[in-house]
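S.K.: Here it is, the structure in full.
The values are calculated or read from the model by the stated rules, or taken from the named source; none is laboratory data. Because the structure is predicted, anything quoted here is derived from the model rather than measured. We place every Cβ from the backbone using ideal geometry, glycine too, and count neighbours over all the protein chains shown. Each accessible area value is taken on the protein alone, full model and side chains, heavy atoms only, with ligands, DNA and RNA left out. Shrake-Rupley method; radii C 1.70, N 1.55, O 1.52, S 1.80 Å.
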Amino acid sequence: MQGKKYIMGLFKDEDQVVSTLAALKESAYNFQRVHSPIPSHKIMAALELKKSRVGWFTLAGGILGLISGFALAIFCAIQWNLIVSGKPIISLIPFFIVGFEFTILFAVFGNVIGLLTQTKLPDYKGIAYYDPRCSGEHFGVLAACDPNQQEGLKDFFQQNGGEVKVFE
Amino acid sequence: MAPKETQTEKPRKSAVSWIFFILVIIGLAAFIYGIMSPHPEKAWQAYLINFLLWSAIAQGAVLFSAVMHMTKARWSGPLSALSESFAAFFPLSFVLFLLLFLGRSHIFPWLHEDLHGKEVWLNIPFLFTRDCIGLLILYAIGFAYLYNALQLRSGANKAQGAFQQMIYKGWLRNNRRLETVKKKMTVWAGLYILAYTLVLSLIGYDLVMSMDPHWISTLFGGYTFVKAFYVGLGALIILAAIIQIRKGKDSGLEPSHFHDIGKLFFAFCLLWADFFYVQLTVIWYGNIPEETHYVIERTVMIPWNTLAWTIFVICFIIPFVILLNKKVKSAPLFMVILCSAIIIGFWFEHLLLLAPVLSHDAQSLPVSVTDGLISVGFLGLMVIAVSFFLKHFPEISKTAEGGSSA
């Protein structure tokens with residue numbers, strides 16, 4: 001990665017970004033990422049991202065929570081062995097409430113953990129190769145290439161209708 | 001474009017509608033055979049189950065449109081227009097209810113019981129009067145809502161046929177203003193939602209809970225209308241999926257629509273199970289014999305216990321696990337299978353609620369071929385009603401996009 005040159009194309013138009021992304025996939029340059037000031041379905045579709053794995057964390061958390069909830073309720077009940085109004089010590093019908101609540105709680109925990117690990121947060125260093133215009137009115141497409149291809153990548157972005165920013 | 005459309009549709013449609021017409025006749029024949037047999041109460045039991053189930057489907061599906069309008073939801077797209085087509089079953093449902101009067105001596109086991117003061121509420125004249133008025137109010141409000149909703153969706157179109165003329169006249173009376181129509185829709189939708197909860201509670205109490213006159217559960221009304229919305233959504237998904245499979249992209253139904261309504265369906269799967277559980281918990285804690293005998297008879301005693309668990313698995317466990325998946329929700333064909341299984345599950349759920357009282361010394365499940373044939377007849381009635389509506393308002397699935405986003 002040391003020898004690579006990072007170049008960003010800045011576009012004002014969403015559709016230009018989409019066509020650039022399609023062309024970039026065909027080319028030899030390494031596509032890095034897109035910065036967008038707004039959420040865009042078109043760009044999301046053009047990126048063809050893999051399905052997020054956060055859902056699996058949520059599911060695992062939920063299943064773990066259901067088991068933990070029942071386990072906690074049963075564990076507490078057998079510590080005292082108190083018979084209340086003739087009900088069995090381990091009675092699953094009311095314990096289901098604890099199980100249900102824990103399912104939701106742990107699913108939320110799983111979801112947050114999944115979110116943090118999958119997006120590699122917290123990030124103290126900040127984003128490398130970023131242009132503040134991407135928080136304004138520009139879409140930024142970041143690509144990397146070998147130093148000798150630098151001019152070619154610049155031309156590529158300009159041909160697709162964008163401004164170019166080269167990162168040193 | 002419209003004449004071409006009807007030309008290509010006609011031959012296929014008439015062949016299909018003949019099949020369902022024959023199904024109705026089969027159902028009717030089976031029912032008549034049933035009431036002539038030495039056990040007419042069996043046929044009336046199947047009739048009552050089917051009346052409750054198919055009316056619930058129609059009422060629940062129309063509720064979808066009303067709820068979508070009240071919440072200003074845009075995600076439903078053409079679905080909300082499609083759901084209105086189930087209103088065509090309302091008149092049939094009302095007539096079917098009136099016919100119940102003929103079987104009164106077979107479907108009300110409390111007729112010859114000592115009711116200990118409850119006879120003030122549970123007597124034939126009062127029961128039929130109040131349920132009749134309730135259903136009339138519900139269906140009248142439903143049609144008033146539909147009258148305005150159709151103006152919104154197709155009022156500006158060229159009117160063909162008597163029904164469309166009527167809608168067009170209403171549209172003119174509202175001075176062709178969308179705002180006026182929408183305001184009226186909001187009022188009727190609100191009233192429909194209110195009437196839906198009240199009338200379905202009443203039907204639940206009168207025709208299902210009162211079968212065991214000494215058992216009470218205050219939540220039974222809520223349980224009834226949540227269940228009705230759940231099956232209504234299931235039927236709506238089936239209708240939308242069939243239209244999507246037959247017409248493809250022309251239907252205006254995207255995978256995202258199926259995904260979204262699948263999520264709502266999933267939510268009501270959970271809510272139905274929740275209402276069941278909430279009832280169960282209270283009965284379990286109280287442990288009063290008058291309340292527990294109802295649950296024990298159905299979940300512990302033979303032959304009902306296996307049926308109870310099967311229903312729970314089909315209507316809750318299986319949909320819960322399957323509907324977690326996004327891809328399944330957006331696959332129309334698979335959803336048809338799943339929703340059909342759930343609706344059949346609810347047929348048996350009605351059987352579970354009614355049959356232990358109506359045929360209380362049963363050694364095995366009181367289900368016969370006649371029951372199946374009668375149910376098939378009701379299915380035929382529902383399909384004919386819905387396709388009648390879609391034939392008279394063929395554009396609802398097309399203009400719905402504009403109507404809902406306007």
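S.K.: Given a 1.4 Å probe, how much area per residue of the protein assembly as shown is accessible, in Å²? Intermediate results must be reported in sequence, preceding the final value.
M.R.: Numbers: 29400 Å² over 574 residues.
On a per-residue basis, 51 Å².
S.K.: Where does helix B:90-99 land angle-wise versus the long Cα axis of chain B, in degrees 0 to 90, nearest 10?
M.R.: That helix lies at roughly 30 degrees to the long axis.
S.K.: Probe 1.4 Å, all protein chains in place: accessible area of B:SER105 in Å², nearest 10?
M.R.: Result for B:SER105: roughly 70 Å² accessible.
S.K.: Using a Gaussian network model of chain B with C-alpha springs under 10 Å, which one of B:ALA30, B:ALA228, B:ALA189 is most mobile by mean-square fluctuation?
M.R.: B:ALA30
S.K.: If you don't mind, another one. Between the alpha-carbon centers of the stretch B:259-334 and the stretch A:111-159, tell me the distance in whole angstrom.
M.R.: 49
S.K.: Would you kindly derive the ³J(HN,Hα) couplings of the stretch A:134-149 from the backbone phi angles with the Karplus curve 6.51 cos²θ - 1.76 cosθ + 1.60 (θ = phi - 60°), listing them in order in whole Hz, with x for Gly and Pro?
M.R.: Residue by residue, the stretch A:134-149 yields 6, 9, x, 10, 10, 9, x, 10, 9, 9, 10, 7, 5, x, 6, 8 Hz.
S.K.: Continuing with this model, one more query. Where Rh denotes the Kirkwood radius from the mean inverse Cα pair distance, what is Rg over Rh for the protein assembly as shown?
M.R.: Working: Rg = 29.5 Å, Rh = 27.8 Å.
Result for the protein assembly as shown is an Rg/Rh of 1.06.
S.K.: Separation between the A:LEU115 and B:LEU324 pseudo-spin-labels, each 7 Å from Cα along Cα→Cβ, expressed in nm?
M.R.: So the label points at A:LEU115 and B:LEU324 sit 2.0 nm apart.
S.K.: A further question follows. Below 8 Å, C-alpha to C-alpha, sequence gap of six or more: please give me the relative contact order for the stretch A:54-119 in percent. Before the final figure, lay out each step's value.
M.R.: Details: 77 pairs, mean separation 39.1, N = 66.
59 percent.
S.K.: Tabulate in residue order the Karplus-calculated ³J(HN,Hα) for the stretch B:39-50, using 6.51 cos²θ - 1.76 cosθ + 1.60 with θ = phi - 60°, rounded to whole Hz; enter x for Gly and Pro.
M.R.: For the stretch B:39-50, the Karplus-derived couplings read 10, x, 5, 5, 5, 5, 4, 4, 5, 5, 4, 5 Hz, x marking Gly and Pro.
S.K.: Highest first, please rank the peptides A:136-142, B:309-315 by the mean number of other Cβ atoms sitting within 10 Å of their residues. Spell out each step's value before the answer.
M.R.: Details: A:136-142: 19.7, B:309-315: 17.0.
Taking the mean over residues of other Cβ atoms within 10 Å, the ranking is A:136-142, B:309-315.
S.K.: Quick one: compute a quarter of the convex hull surface over the Cα atoms of the stretch A:54-119 and quote it in nm².
M.R.: Values: hull surface 17.7 nm².
Dividing the Cα hull surface by four gives the mean projection, 4.4 nm².
S.K.: Step through the table entries A:LYS50/B:LYS327; A:LYS12/B:LYS72; B:LYS247/B:LYS391, compare each Cα-Cα distance with 22 Å, and write down the pairs that go over it.
M.R.: Values: A:LYS50/B:LYS327 15 Å; A:LYS12/B:LYS72 33 Å; B:LYS247/B:LYS391 15 Å.
Violating the 22 Å limit, Cα to Cα: A:LYS12/B:LYS72.
S.K.: Another one. Going toward the positive end of the dipole of chain B, with +1 on Lys and Arg Cβ and -1 on Asp and Glu Cβ, which of B:GLY232, B:TRP121, B:VAL187 do you reach last?
M.R.: With unit charges placed on the Cβ atoms, the residue in question is B:VAL187.
S.K.: Now for a different question. Determine ³J(HN,Hα), in whole Hz, for all residues of the stretch A:120-129 in sequence, where each value follows from phi through the Karplus function 6.51 cos²θ - 1.76 cosθ + 1.60 and θ = phi - 60°; x replaces Gly and Pro.
M.R.: Each residue's phi maps through the Karplus curve to give 6, 9, x, 10, 7, 6, x, 7, 7, 6 Hz.
S.K.: As a test question: what accessible area, to the nearest 10 Å², does B:ILE124 have when a 1.4 Å probe is rolled over all protein chains in place?
M.R.: About 20 Å², ignoring ligands and nucleic acids.
S.K.: Using only Cα atoms, tell me the angle between helix B:161-173 and the longest principal axis of chain B; keep it within 0 to 90° and round to the nearest 10.
M.R.: With both axes taken from Cα atoms, the answer is about 70 degrees.
S.K.: Okay, moving on. Any lysines with Cα under 17 Å of the B:LYS227 Cα? List them, leaving off those in the same chain fewer than 8 positions away.
M.R.: Partners found: B:LYS263.
S.K.: Next question. Search the structure for amide H atoms under 5 Å from the amide H of A:GLN32, placed 1.01 Å from N in the peptide plane, and list their residues when 5 or more places away or on another chain.
M.R.: Under 5 Å from the amide H of A:GLN32 lie the amide H atoms of A:LEU142, A:ALA143, A:ALA144, each far enough along the sequence or on another chain.
S.K.: Assuming R0 = 60 Å, can you tell me the calculated FRET efficiency for the pair A:GLU168 and A:ILE97, based on Cβ-Cβ distance, to the nearest 0.05? Can you show the working numbers first?
M.R.: Values: r = 60 Å, r/R0 = 1.01.
Calculated transfer efficiency: 0.50.
S.K.: Let me ask something additional. Rounded if a/c is under 1.5, else prolate if a/b beats b/c, else oblate: with a ≥ b ≥ c from the C-alpha gyration tensor eigenvalues square-rooted, which is the stretch B:17-124? All intermediate terms of the calculation are to be shown ahead of the outcome.
M.R.: On the way: a/c = 3.94, a/b = 1.49, b/c = 2.64.
Because a/c hits 1.5 or more and a/b fails to exceed b/c, the stretch B:17-124 counts as oblate.
S.K.: Could you tell me what percent of the accessible area of the stretch A:54-119 is made up of carbon and sulfur, with a 1.4 Å probe and every protein chain present?
M.R.: Working: 3540 of 4270 Å².
Solvent-exposed carbon and sulfur of the stretch A:54-119 make up 83 percent of the total.
S.K.: How do B:TYR230, B:TYR285 rank by accessible surface area computed with a 1.4 Å probe, from largest to smallest?
M.R.: Reading off the accessible areas and sorting them downward yields B:TYR285, B:TYR230.
S.K.: Right, another one. Would you list B:CYS339, A:CYS76 from the most to the least accessible area, probe 1.4 Å? Write down the numbers at each step before the final one.
M.R.: Details: B:CYS339 0, A:CYS76 65 Å².
From most exposed to least exposed: A:CYS76, B:CYS339.
S.K.: Provide the FRET efficiency to the nearest 0.05 for the A:ASP13-A:CYS76 pair, computing r from the beta carbons and using R0 = 60 Å.
M.R.: Values: r = 61 Å, r/R0 = 1.02.
Result of the calculation: an efficiency of 0.45.
S.K.: In degrees between 0 and 90, to the nearest 10, how far off the longest principal axis of chain B does helix B:220-247 point, with axes built from Cα atoms?
M.R.: 40
S.K.: Taking every alpha carbon pair in chain B, what does the distance histogram look like in 20 angstrom bins from 0, in percent?
M.R.: Histogram of Cα-Cα distances, whole percents per bin: 26, 58, 16, 0.
S.K.: Can you give the Rg to Rh ratio of chain A, both from alpha-carbon atoms, with Rh computed by the Kirkwood formula?
M.R.: Details: Rg = 25.7 Å, Rh = 19.9 Å.
With Rg and the Kirkwood Rh in hand, the quotient comes to 1.29.
S.K.: Any aspartates and glutamates with Cα under 19 Å of the B:LYS249 Cα? List them, leaving off those in the same chain fewer than 8 positions away.
M.R.: Within the straight-line cut-off, B:LYS249 pairs with B:GLU5, B:GLU9, B:ASP260, B:GLU395, B:GLU401.
S.K.: Still on this model: Can you put A:ASP146, B:ASP212, B:ASP361 in order of accessible area, largest first, using a 1.4 Å probe?
M.R.: Working: A:ASP146 70, B:ASP212 20, B:ASP361 115 Å².
So the residues, ranked largest to smallest area, are B:ASP361, A:ASP146, B:ASP212.
S.K.: Still on this structure, I have one more. Report the calculated FRET efficiency for B:ILE337 and B:LYS263 (r = Cβ-Cβ distance, R0 = 25 Å), to the nearest 0.05.
M.R.: On the way: r = 18 Å, r/R0 = 0.74.
Using R0 = 25 Å, I get an efficiency of 0.85.
S.K.: Let me ask another. Modelling each spin label as a point 7 Å along the Cα-to-Cβ direction, I'd like the B:TRP309/B:ILE245 distance in nm, to one decimal.
M.R.: Computed distance between label sites B:TRP309 and B:ILE245 equals 3.2 nm.
S.K.: To continue, here is another question. Note the buried accessible area between A and B here, summed over both chains, with a 1.4 Å probe, in Å² to the nearest 100. Write down the numbers at each step before the final one.
M.R.: Values: alone 11280 and 18840 Å², together 29400 Å².
Interface area, both chains combined: 700 Å², rounded to the nearest 100.
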